[in-house]
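Quick notes on the structure that follows.
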Amino acid sequence: MVSCNGGLNQMRAAICDMVTIARYLNVTLIVPELDKTSFWADPSEFQDIFDVNHFITSLRDEVRILKELPPRLKRRVEMGFVYSMPPISWSDISYYHNQILPLIQRYKVIHLNRTDARLANNGQSLDVQKLRCRVNFNALRFTPQIEELGKRVIKLLRQNGPFIVLHLRYEMDMLAFSGCTQGCNNDEVEELTRMRYAYPWWKEKIINSDLKRKDGLCPLTPEETALILRALDIDKNYQIYIAAGEIYGGDKRMASLAAAYPKLVRKETLLGPSDLGFFQNHSSQMAALDYLVSLESDIFIPTYDGNMAKVVQGHRRYLGFKQTILLDRRLLVDLIDQYNNGSLSWIQFSDAVKETHERRRGQPSKRLVIPDRPKEEDYFYANPEECLQQPDGQLSST
């Protein structure tokens, strides 16, 4: 049994890992439980977001997956005879063979209660890596209702020409958690700080926003994003679909982006209340809709490298290296500050931004491997190179 933690895309990657681990231990997996207690408090079950029957049947030649425990084992679990634990982060498959399998043999049922980043990015066999991809790209299909709504949004966008998906990670929770307050007034800074202290599982409390921003560790603000899109020569007539929750500061903070790109849209402006009513207060289902639109966009641009940015980037590579502009935030904030203080002309600024991002558009590349520092290396799901068909028709070597 596994309980996933985090938002939709963190859980998506975890499900891929847990299926793969179950397969290589030759044990039965119960359909994963989704996180209902994190910041988003989304009550959705697995079958509310993913097509559970397709998930089970598409993997039946690899792993046995059940919707619930058989009655005899269910009674054992209800009586408390279950061993619950978090596996060690970034572990190899060998860890699960040597440490977890004996526990399953002893207790019959084991409950893994944390699942984020529990399987290493690198050093796994090709079969392991390919199964992670098979789960991600084939077995995890959203429910028909979410898929249909996604198709409608994409059709509405396509009727009006090309569109870019901007994953503008500028919601209140992101700013409170990261401590990034660029462009916020004193009242807003206080509000965000109060929120950060209110959530005990957000460990970092005292944060220097300016230093963090200079290190490239803050999401770009809507104002900074508008400058960067213009510097990249993104046509102002392109539709820009905002894949995000509620932007902190509302229309006031979005004003410069809306002025530069008047065709700003979001799911709430494309669909009526009757369409979205079912999704209200279900942030993971809303995120699933944004995920589908992000996959189909002409260009995908995330302003922060969170889980959605990484998983969508990897999925777009799988779909034929569709263009994803990966912003170098550390360099960009320095260029923005130089432009704003008059040290760079617009042409110098724009040329520097374009030059920096020539090789950051989701082209084929090798994952950066940093032994013993898995958090700092490239994430498997952002560039699952073992599973990608290269433009010359060859599969990437491992």
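The values are calculated or read from the model by the stated rules, or taken from the named source; none is laboratory data. Nothing here was measured: the structure is a model prediction, and the numbers come from that model. Cβ atoms come from the backbone with ideal geometry, glycine included; neighbour counts cover every protein chain shown. The protein model used for the area step is the full one, side chains on, heavy atoms only, and it has no ligands, DNA or RNA in it. Shrake-Rupley method; radii C 1.70, N 1.55, O 1.52, S 1.80 Å.
Put simply, of Ser396, Ser294 the only residue that is modelled with pLDDT of 95 or more and hydroxyl-bearing (Ser, Thr, Tyr) is Ser294. Just for the range 308-338: of the residues that are part of a helix (DSSP H, G or I), touching a helix residue (DSSP H, G or I) at 6+ places or on another chain (Cβ under 7 Å) and among the charged types (D, E, K, R), which one is most open to solvent (accessible area, probe 1.4 Å)? If we take residues in the range 308-338 being part of a helix (DSSP H, G or I), touching a helix residue (DSSP H, G or I) at 6+ places or on another chain (Cβ under 7 Å) and among the charged types (D, E, K, R), then Lys310 is most open to solvent (accessible area, probe 1.4 Å).
Scan the range 191-205 and tell me whether some residue there is among the small types (Gly, Ala, Ser), in contact (Cβ under 8 Å) with a residue 40 or more places away in the chain and assigned by the TED database to the domain that holds Leu264. No: zero hits.
Across the range 355-381, what is the total count of residues that are of a type outside the set (Val, Ile, Thr), over 25 Å from Asp210 (Cβ atoms) and in contact with an Asp or Glu (Cβ under 7 Å, 6 or more places away or on another chain)? Of the residues in the range 355-381, 3 are of a type outside the set (Val, Ile, Thr), over 25 Å from Asp210 (Cβ atoms) and in contact with an Asp or Glu (Cβ under 7 Å, 6 or more places away or on another chain).
When Arg72, Arg118, Arg106 are checked against the criterion of being open to solvent by less than 60 Å² (accessible area, probe 1.4 Å) and charged (D, E, K, R), Arg118 stands alone in meeting it.
Take the conditions open to solvent by less than 10 Å² (accessible area, probe 1.4 Å) and part of a loop (DSSP other than H, G, I, E, B) and apply them to Cys180. Does it pass? For Cys180, the condition - open to solvent by less than 10 Å² (accessible area, probe 1.4 Å) and part of a loop (DSSP other than H, G, I, E, B) - is met. None of Ser345, Ser297 is among the polar types (S, T, N, Q) and within 22 Å of the chain's Cα centre (by Cα) except Ser297. The listed residues are Leu103, Leu66, and the only one of them that is over 30 Å from Asp372 (Cβ atoms) and touching a strand residue (DSSP E or B) at 6+ places or on another chain (Cβ under 6 Å) turns out to be Leu66.
Does any residue of the range 366-375 turn out to be open to solvent by 20 Å² or more (accessible area, probe 1.4 Å), assigned by the TED database to the domain that holds Leu217 and under 25 Å from Glu223 (Cα atoms)? No, the range 366-375 contains no residue that is open to solvent by 20 Å² or more (accessible area, probe 1.4 Å), assigned by the TED database to the domain that holds Leu217 and under 25 Å from Glu223 (Cα atoms).
Within the range 339-365, the residues that satisfy the criterion of being surrounded by 14 or more Cβ atoms within 10 Å (Cβ to Cβ) and polar (S, T, N, Q) are Ser350, Thr356, Ser365.
Residues in the range 89-103 that are under 21 Å from the mean Cα position of the chain (by Cα) and open to solvent by 30 Å² or more (accessible area, probe 1.4 Å): Ser89, Trp90. Within the range 158-177, being assigned to a loop (DSSP other than H, G, I, E, B) and either among the hydrophobic types (A, V, I, L, M, F, W, C) or on the phi < 0 side of the Ramachandran plot (or both) holds for Gln159, Asn160, Pro162, Leu168, Arg169, Tyr170.
Pairs please, first residue from the range 348-367 and on the phi < 0 side of the Ramachandran plot and among the aliphatic types (A, V, I, L, M), second anywhere and open to solvent by less than 80 Å² (accessible area, probe 1.4 Å) and in a helix (DSSP H, G or I), Cβ atoms under 8 Å, 6+ apart in sequence or on different chains. So the pair list comes out as Ala352/Leu335; Val353/Ile228; Val353/Ala231; Val353/Leu332; Val353/Leu335.
One residue stands out among those in the range 183-194 that are open to solvent by 20 Å² or more (accessible area, probe 1.4 Å) and part of a helix (DSSP H, G or I): the one that is farthest from Asp337 (Cα to Cα), which is Arg194.
Checked against (1) more than 25 Å from Leu327 (Cα to Cα); (2) in a loop (DSSP other than H, G, I, E, B), Tyr197 meets all criteria but (2). His54 fulfils the conditions (1) touching a residue at least 60 places away in the same chain (Cβ under 8 Å); (2) surrounded by 17 or more Cβ atoms within 10 Å (Cβ to Cβ) except for a single criterion, (2).
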